[in-house]
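One structure is given here, and the rest of the page talks about it.
The values are calculated or read from the model by the stated rules, or taken from the named source; none is laboratory data. Quick caveat, the model's predicted, so the values are computed rather than measured. Every residue, glycine among them, receives a Cβ derived from its backbone with ideal geometry; neighbour counts consider all protein chains shown. Each accessible area value is taken on the protein alone, full model and side chains, heavy atoms only, with ligands, DNA and RNA left out. Shrake-Rupley method; radii C 1.70, N 1.55, O 1.52, S 1.80 Å.
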Number of protein chains: 2
Amino acid sequence: MSAVLALMLISLDATELPAAAATSPETVAAQLRDAAMAGHTTAWSWVSELTTRFGPRPAGSANEQQAAAWAAARLKALGFENVHIESFPITAWVRGSESAQLIAPSVQPLVIAALGESPPTPSSGLEGDVVIFPTLTDLKAAPPASLHGKIAMVSQRMVRAQDGAGYGAAVPARTDGPKEAAERGAIAFLLRSVGTDSHRLAHTGTTRYVDGRVPVPAFALSSPDADQIERSAALGQTVRVRLFSTASYVPNAHSQNVIAEVRGRERPQEVVLLGAHLDSWDQGTGAIDDGAGTAIVTAAGKLIRDLPRRPRRTVRVVLFGAEEVAQPTPPGGTFGGHSYATNHQAELAQHVLAGESDLGTDRIYSFALPVATAPGEFAKTVLRILTPIGVLASEHPPEDVGADVGPVVEAGVPALQLTQDAMHYFDIHHTADDTLDKVDRAQLDQNVAAWAALVWLAADSDVDFRPRARSGAANTAAKP
Amino acid sequence: MSAVLALMLISLDATELPAAAATSPETVAAQLRDAAMAGHTTAWSWVSELTTRFGPRPAGSANEQQAAAWAAARLKALGFENVHIESFPITAWVRGSESAQLIAPSVQPLVIAALGESPPTPSSGLEGDVVIFPTLTDLKAAPPASLHGKIAMVSQRMVRAQDGAGYGAAVPARTDGPKEAAERGAIAFLLRSVGTDSHRLAHTGTTRYVDGRVPVPAFALSSPDADQIERSAALGQTVRVRLFSTASYVPNAHSQNVIAEVRGRERPQEVVLLGAHLDSWDQGTGAIDDGAGTAIVTAAGKLIRDLPRRPRRTVRVVLFGAEEVAQPTPPGGTFGGHSYATNHQAELAQHVLAGESDLGTDRIYSFALPVATAPGEFAKTVLRILTPIGVLASEHPPEDVGADVGPVVEAGVPALQLTQDAMHYFDIHHTADDTLDKVDRAQLDQNVAAWAALVWLAADSDVDFRPRARSGAANTAAKP
């Protein structure tokens with residue numbers, strides 16, 4: 001065994017790779033894939049340590065900042081280059097204490113979670129009769145002032161779907177419900193959690209600002225609590241609820257993106273961007289959302305970094321901050337994503353591809369490439385590499401690739417999508433249940449395998465993924 | 001169709017039964033079984049209304065009292081006889097507010113639940129470094145005073161087992177842990193929840209009094225929180241925890257048993273007792289523990305009550321109060337169970353059999369009869385009736401039949417056991433997750449079917465189930 005080979009074996013966690021000098025990119029991709037599938041990547045130890053050491057990492061919190069410092073140090077230790085932190089200002093939101101009770105027809109505790117950035121209740125709490133709307137559309141149909149002094153509740157159920165499509169259908173009730181309720185005189189807004197489970201854990205998430213604030217205190221109910229209110233009302237009883245929250249804002253907080261690279265050997269200015277977010281909601285420890293994503297992109301980058309030969313282009317790993325507090329109105333988007341797009345505006349024309357891992361830890365079952373390359377040789381190579389680990393070629397181009405890379409994709413950077421099985425993701429998403437025990441190690445490794453292989457192929461190629469392709473390049477195979 | 005038959009069809013929810021005048025007890029048992037399996041018994045509406053109208057029903061609470069009044073009224077409306085409420089005094093326990101945080105190595109919220117009857121912390125909370133013991137045995141091995149100022153934690157995991165055997169193995173850490181911790185100087189006790197799930201919901205339950213009180217504040221941690229503390233410690237870090245509880249006691253409270261009968265046609269003084277408990281823990285709505293049990297025994301009694309011919313003996317349904325606050329030291333046992341045994345002491349010699357439904361709503365898979373009758377014709381009849389709905393004859397006599405009928409069984413009343421599949425019961429048991437959505441209607445009906453058929457057979461027989469059997473009777477078939 002040569003010294004070079006021995007070194008490589010160590011750096012790849014004892015997974016066998018032959019010397020790569022004469023190896024084709026496709027062969028290297030297969031080796032990366034197989035090394036990740038063999039397990040013992042850096043992914044598990046990353047997500048375990050991150051979530052254990054820092055627990056919840058809400059945007060702008062000390063925990064998020066400490067986690068970012070730890071991540072930067074760990075990325076350096078793993079051998080990444082140009083590791084640095086880019087800070088940006090945010091207004092942080094702090095949940096504080098919160099509670100809710102049914103106070104009529106009988107006294108019962110309710111499990112709630114304030115929606116992100118919801119204002120507090122008065123310090124003595126607030127009380128009101130509940131008016132139930134089956135959908136947001138029904139709430140919108142309520143006449144002006146018809147909810148004066150009431151608590152509006154939308155009881156719509158999220159649909160379980162493999163690609164997570166039920167989320168998009170359910171979220172408008174969360175983002176727009178407080179505004180619609182307030183406009184009709186309601187003093188608070190309640191929402192059946194946007195989630196697919198039936199546990200006494202409420203799913204938080206952002207809601208929409210109106211003139212710079214969420215207009216009324218807004219809460220998610222756990223699904224069994226929403227059921228209970230619906231059944232109480234169905235017994236012909238007036239349902240009265242008491243709500244309490246000490247939520248608050250920290251105007252001069254900051255968050256940060258952590259950036260690390262594997263520099264390209266030929267065209268280092270060309271960047272394949274691979275993102276995930278380091279912040280999390282405050283109730284769980286952000287294991288599946290998105291500690292696992294940061295682990296997956298880091299482990300994929302590490303496998304590429306440890307190859308005997310670097311890829312032609314630069315692989316840039318970005319661990320975004322403040323993703324969860326995305327506001328859909330201006331300044332809009334995610335804070336970390338916007339900060340990156342602003343700071344790196346001059347480089348974006350040389351960003352050849354951007355992808356993001358932010359849908360938990362279940363297996364990837366589908367990939368989608370930019371339209372320019374979807375039918376070409378590059379896509380065929382990807383399919384050959386990913387089919388053995390259960391990944392289909394999507395019939396659709398990348399859609400809604402992720403909140404963090406959203407701003408750079410909007411700025412014209414081609415998007416890459418690896419779609420995970422989301423059948424169970426929304427059982428856990430944005431709840432206190434988002435903890436390490438929910439991470440399946442074998443599926444985590446499959447994610448690393450797919451990202452490492454695909455990012456390697458893109459970074460070691462000269463393929464132009466942009467719509468205005470160089471002549472013929474879009475449908476040309478990657479030629480190393 | 002005769003008028004009698006028409007009436008019967010209505011009373012059995014449109015399930016077809018032929019006129020029973022000339023029908024054998026075994027045939028009637030099969031009809032009862034099939035009527036219950038066809039669904040639409042009173043069980044679902046009972047458990048749905050009980051849990052919706054009153055929510056949690058902690059022993060001694062207004063909710064428990066209101067639920068008892070409702071239950072008595074509903075039992076009368078269903079046609080039961082001698083419906084009445086028997087009150088008894090208890091010291092009630094009120095959870096109040098509670099919270100916990102990891103404060104070192106980083107600040108993280110912890111999900112806890114005070115164990116039943118735990119004293120409050122000081123009003124400013126308490127803090128201490130955590131000392132982890134893998135088992136109660138390890139805690140017992142710690143030297144005197146070795147835990148001075150510390151918080152003792154037992155991290156033992158409960159084993160999942162179909163017959164619920166893992167519970168008995170895990171519970172001593174809950175009952176005896178606070179005492180053992182206090183004796184070694186600990187200021188508080190933490191326990192990995194006695195449960196089989198991995199959700200951020202802690203399992204409460206009683207702990208043992210020492211000299212009339214629980215010696216130190218005692219809390220269950222959710223399983224992921226126990227994991228988090230174990231992992232933090234494994235990183236070589238001192239784990240410091242802050243605990244807060246405003247738990248309190250109500251010394252002059254009362255609870256109550258609700259009693260209802262189907263009077264026997266020949267020997268009404270002979271009683272087959274069928275119990276469940278109406279109180280519940282305070283975090284959930286007591287759907288599986290034990291709203292469902294009260295629904296099952298009520299629905300089984302109702303099916304027997306609606307037969308054209310009453311059984312020879314009396315079927316007595318008892319919905320016990322204050323089961324959850326059982327104390328294993330004197331005065332001991334369950335408050336409701338002891339109250340019943342005391343109030344009805346003079347009748348106990350004529351109690352021919354006692355059984356209890358208190359293991360959730362999953363299917364019954366095994367039955368056990370008193371030793372005197374286990375090998376006889378009565379058992380063979382039961383087996384013929386219950387085999388078609390998936391029930392085995394147990395190889396063991398009844399064991400640990402239930403906390404409520406415990407005192408009468410201890411006083412010599414023969415015990416009857418229908419064992420439910422408990423593989424999933426302890427995922428939910430004693431948590432906020434014990435809500436109606438966890439009740440499986442088809443399995444609920446199977447429980448009603450088994451109880452109705454078996455109780456009918458016992459009540460319509462002249463079998464003596466006592467160890468000192470009348471000559472030959474123990475092994476004699478029931479002769480209607």
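Of all the residues in chain A, which one has the C-beta that comes nearest the axis relating A to B, and what is the distance in Å?
Measuring from each Cβ to the axis, the minimum is at A:HIS199, 3.
Taking H as built 1.01 Å from N, whose amide H comes closer than 5 Å to the amide H of B:GLY116, not counting residues under 5 places away?
When sequence neighbours closer than 5 places are left aside, the close amide H contacts are B:GLY205, B:THR206, B:THR207.
Is it possible to state the helix-based mean residue ellipticity at 222 nm for the protein assembly as shown, with each DSSP H run of 4+ residues giving -39500 (n - 2.57), the sum divided by total residues, to the nearest 500 deg cm²/dmol? What is it?
-9500 deg cm²/dmol
Under 1.5 on a/c is rounded, so check that first for region B:87-175, then, if it is not, pick prolate when a/b is larger than b/c and oblate when it is not; a ≥ b ≥ c are the square roots of the alpha carbon gyration tensor eigenvalues.
oblate
So, R0 is 22 Å and r is the distance between the beta-carbons of A:MET423 and A:SER45; what FRET efficiency does that work out to, to 0.05?
E between A:MET423 and A:SER45, to the nearest 0.05, is 0.25.
List the residues of region B:230-262 that lose 20 Å² or more of accessible area once all protein chains are present, compared with their chain alone (1.4 Å probe, heavy atoms only, no ligands or nucleic acids).
Buried on complex formation: B:ARG231, B:LEU235, B:GLN237.
How crowded by other chains is B:268-280, given as the mean number of beta carbons from other chains within 10 Å of each beta carbon?
0
Give a residue-ordered list of calculated ³J(HN,Hα) values for region B:415-431 (Karplus: 6.51 cos²θ - 1.76 cosθ + 1.60, θ = phi - 60°; whole Hz; x for Gly, Pro).
With coefficients 6.51, -1.76 and 1.60, one gets 9, 10, 9, 10, 8, 8, 5, 9, 4, 10, 4, 7, 6, 10, 2, 6, 10 Hz.
Rounded to the nearest 100 Å², what is the buried accessible area between A and B, both sides summed, probe 1.4 Å?
2500
Between B:GLN162 and B:ASP211, how high is the FRET efficiency from 1/(1 + (r/R0)^6) when r is the Cβ-Cβ distance and R₀ = 41 Å? Nearest 0.05.
Efficiency, from the Cβ-Cβ distance: 0.60.
Note down the accessible area of A:HIS199, probe 1.4 Å, to the nearest 10 Å².
Approximately 40 Å² for this residue.
Rounded to two decimal places and with Rh computed the Kirkwood way over Cα pairs, what is Rg over Rh for chain A?
1.02
Would you mind checking the pairs B:LYS140/B:LYS438; B:LYS302/B:LYS380; A:LYS302/A:LYS380; A:LYS302/A:LYS438 and listing those with alpha carbons more than 31 angstrom apart? It would help to have the intermediate numbers written out before the result.
On the way: B:LYS140/B:LYS438 37 Å; B:LYS302/B:LYS380 25 Å; A:LYS302/A:LYS380 25 Å; A:LYS302/A:LYS438 24 Å.
Pairs exceeding the cut-off: B:LYS140/B:LYS438.
Rounded, prolate or oblate, given the Cα gyration tensor of the protein assembly as shown, with a/c below 1.5 counting as rounded?
prolate
How large is the accessible surface per residue of the protein assembly as shown, computed with a 1.4 Å probe and reported in Å² as a whole number?
It amounts to 35 Å² per residue over the protein assembly as shown.
How much length is gained on full extension from B:THR27 to B:ALA234, taking 0.36 nm per residue of separation minus their Cα-Cα distance?
Roughly 68.2 nm would be gained on extension.
Quick check for me: using +1 on Lys/Arg Cβ and -1 on Asp/Glu Cβ, what's the dipole size of chain B about its Cα centre, in debye to the nearest 20?
460
Can you sort A:ASP427, B:ASP437, B:ASP163 by 1.4 Å-probe accessible area, starting with the largest? Provide the component values of the computation, followed by the final result.
Values: A:ASP427 35, B:ASP437 55, B:ASP163 85 Å².
Ranking A:ASP427, B:ASP437, B:ASP163 by accessible area, largest first, yields B:ASP163, B:ASP437, A:ASP427.
Which of the three applies to region B:259-405, rounded, prolate or oblate, going by the alpha-carbon gyration tensor with a ≥ b ≥ c and a/c under 1.5 meaning rounded? Please list the in-between numbers first.
Numbers: a/c = 1.45, a/b = 1.25, b/c = 1.16.
Rounded.
Considering the zone a paramagnetic label at B:ALA62 would reach in this model (a point 7 Å from Cα along the Cα-to-Cβ line), which residues of region B:80-122 have amide N under 18 Å from it?
Within reach of a label on B:ALA62: B:92-97.
Hey, for A:PRO122 with labels 7 Å out along Cα-Cβ, what do the inter-copy distances come to in nm, ordered shortest first?
3.5
So for the pair B:SER99, B:HIS396, with labels modelled 7 Å out along Cα→Cβ, what separation do we get in nm?
The two pseudo-label positions are separated by 4.5 nm.
Let me confirm one metric for peptide A:109-117, namely the mean number of other chain beta-carbon atoms within 10 Å of its residues' beta-carbons.
2
If you plug each phi of region B:193-202 into the Karplus form 6.51 cos²θ - 1.76 cosθ + 1.60 with θ = phi - 60°, what whole-Hz ³J(HN,Hα) values come out, in order, with x for Gly and Pro?
These are the phi-based 3J(HN,Hα) values: 3, 7, x, 10, 8, 9, 10, 7, 9, 8 Hz.
Measure off, as a whole percent, the carbon and sulfur share of the 1.4 Å-probe accessible area of the protein assembly as shown, all protein chains present. Kindly include the intermediate steps, with their values, before the conclusion.
Values: 18650 of 33710 Å².
For the protein assembly as shown, the apolar C and S fraction of the accessible surface comes to 55 percent.
Of B:LEU273, B:GLY212, B:HIS199, whose Cα points farthest to the positive end of the dipole of region B:193-276 (charges on the beta-carbon: +1 Lys, Arg; -1 Asp, Glu; origin at the Cα centre)?
Most positive-ward Cα: B:GLY212.
Can you send over the solvent-accessible area of A:ASP400, 1.4 Å probe, protein chains only, in Å² to the nearest 10?
140
Taking the radius of gyration and the Kirkwood hydrodynamic radius from Cα positions alone, what is the Rg/Rh ratio for region B:261-303, to two decimal places?
Using only Cα positions, Rg/Rh for region B:261-303 is 1.14.
Which residues belonging to region B:34-64 lose at least 40 Å² of 1.4 Å-probe accessible area when the assembly is complete, relative to their chain isolated?
Those residues are B:THR52, B:ARG53.
Summing Lys, Arg as +1 and Asp, Glu as -1, what charge do residues with Cβ under 12 Å from the Cβ of B:ARG74 carry, B:ARG74 excluded?
Neighbour charge sum, excluding B:ARG74 itself: +2.
Quick one: what are the phi-derived ³J(HN,Hα) couplings along region A:112-118, Karplus 6.51/-1.76/1.60 with θ = phi - 60°, whole Hz, x for glycine and proline?
With the stated coefficients, region A:112-118 comes to 10, 9, 4, 5, x, 6, 4 Hz.
If you build the Cα gyration tensor of region B:127-226 and take the root of 5 times each eigenvalue, what three semi-axes come out, in whole angstrom, biggest first?
22, 14, 12
Count the DSSP beta bridges whose two residues both fall in chain A, then state the antiparallel fraction as a percent rounded to the nearest 5.
Bridges in chain A that DSSP calls antiparallel: roughly 55 percent.
Output, in nm with one decimal and in ascending order, the distances from the B:HIS148 label point to the matching label points of the other copies (7 Å from Cα along Cα-to-Cβ).
Distances to the matching label points in the other copies: 6.8 nm.
A:GLN345 versus A:SER198, label points 7 Å from Cα toward the beta carbon: distance in nm?
5.2
So for chain A, averaging the separation of alpha carbon pairs under 8 Å that are six or more residues apart and normalising by length, what relative contact order in percent results?
Relative contact order here is 22 percent.
Let me check I've understood the local charge: for A:ASN257, count other residues with C-beta under 12 angstrom from its C-beta, Lys and Arg +1, Asp and Glu -1. What total comes out?
-4
In the neighborhood of B:ARG309, defined by Cβ-to-Cβ distances under 9 Å, what is the net charge if each Lys or Arg adds +1 and each Asp or Glu adds -1? Could you put the intermediate results ahead of the total?
Values: positive: B:ARG265, B:ARG310; negative: B:ASP460.
Counting the neighbours of B:ARG309, the net charge comes to +1.
Let me have the relative contact order for region A:178-225, percent, based on Cα pairs under 8 Å that are six or more residues apart. Could you put the intermediate results ahead of the total?
Numbers: 78 pairs, mean separation 24.0, N = 48.
Computed over region A:178-225, the figure is 50 percent.
Need one value for A:99-108: mean number of C-beta atoms belonging to other chains within 10 Å of its residues' C-beta atoms.
3
Starting from a label point 7 Å past Cα on the Cβ side, list the distances from B:ALA38 to the same position in the other copies, nm, shortest first.
Spelled out, the distances from B:ALA38's label point are 6.5 nm.
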